[in-house]
1. Sort 20-31, 49-60, 156-167, 114-125 for me by packing, meaning the mean count of neighbouring Cβ atoms within 10 Å per residue, highest on top.
2. Going 7 Å from the Cα of S135 in the Cα-to-Cβ direction, what parts of region 36-57 have a backbone nitrogen less than 18 Å from that spot?
3. Suppose the chain between T12 and D103 were pulled fully straight at 0.36 nm per residue; how much longer would it get relative to their current alpha carbon spacing?
4. How big is Rg to Rh over region 9-70, alpha-carbon atoms, Rh as the Kirkwood inverse-mean-distance radius?
5. Using a Förster distance of 41 angstrom, determine the FRET efficiency expected from the C-beta separation of N120 and S47, and round it to 0.05.
6. Testing the spin-label approximation: label points 7 Å from Cα along Cα→Cβ at E144 and K80. State their distance in nm.
7. Using only the Cα atoms of region 23-123, what do you get for the radius of gyration and for Dmax, in Å?
8. In terms of Cα to Cα distance under 23 Å, which lysines are near enough to K142, apart from those fewer than 8 places away along the same chain?
Amino acid sequence: MVLAATQTAGVTTNEHGNEEVQVVEFIIGDDKFAVNLFDVKEIVEASKITPLPHAPAYIRGIIDLRGEITTIVDLRQLLKITKGTSADSEDQRFIVLDESVTDGKTGVVVDEVTSVLTVNVADIDQHSHGAGDDSHILGVIKKEVGERGESKKELVIWIDISGLIREAGGVSRSV
């Protein structure tokens with residue numbers, strides 16, 4: 001198993017002895033991404049974001065989430081995604097991160113949340129994504145989609161959201 005460098009929290013062994021990880025799959029632009037399920041506290045519909053003056057460009061602003069101020073990070077900007085168009089704000093979702101990932105209440109804006117997946121570690125390519133050791137790409141999930149005889153592989157980029165947020169600074173827990 002190559003997951004030693006990644007957060008092994010969330011890696012479980014199923015009844016057949018296969019190692020699995022649970023992830024939340026979402027779309028930004030034209031691409032699919034995933035983060036560890038255990039890094040996610042909740043998923044909420046997008047609401048009006050109040051901009052913060054003089055904040056870094058990746059900070060979209062703040063929202064009031066059930067009485068708590070929550071910082072909203074633009075994941076599209078952090079991942080430097082330029083292609084594809086941003087979904088209408090009524091389709092967007094906020095993935096609110098667990099506080100073990102960040103210092104305060106933090107959410108990331110995504111175009112759409114598609115599913116929660118349980119993925120065999122064997123179906124994750126952790127070598128060919130071409131990124132260096134400082135990359136926040138944990139691997140590429142090869143997911144079967146389609147119906148009877150017409151299935152194809154879909155690629156989902158599994159990212160280290162805690163490392164990405166920590167590197168961005170400003171909203172992360174200092175470790």
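The values are calculated or read from the model by the stated rules, or taken from the named source; none is laboratory data. Fair warning: this is a prediction, and the values are worked out from it, not measured in the lab. We place every Cβ from the backbone using ideal geometry, glycine too, and count neighbours over all the protein chains shown. To get the accessible areas, we keep the full protein, side chains included, count just its heavy atoms, and leave off ligands, DNA and RNA. Shrake-Rupley method; radii C 1.70, N 1.55, O 1.52, S 1.80 Å.
1. On the way: 20-31: 19.2, 49-60: 13.6, 156-167: 21.0, 114-125: 15.5.
Top to bottom by mean Cβ count within 10 Å: 156-167, 20-31, 114-125, 49-60.
2. Counting backbone N atoms under 18 Å from the label point, the list is 36.
3. Stretched out fully, the T12 to D103 stretch lengthens by 30.1 nm.
4. 1.12
5. So, using R0 = 41 Å, E works out to roughly 0.70.
6. 3.6
7. Over region 23-123's Cα set, Rg and Dmax evaluate to 13.5, 45 Å.
8. Cα-Cα hits under 23 Å: K32, K80, K83, K152, K153.
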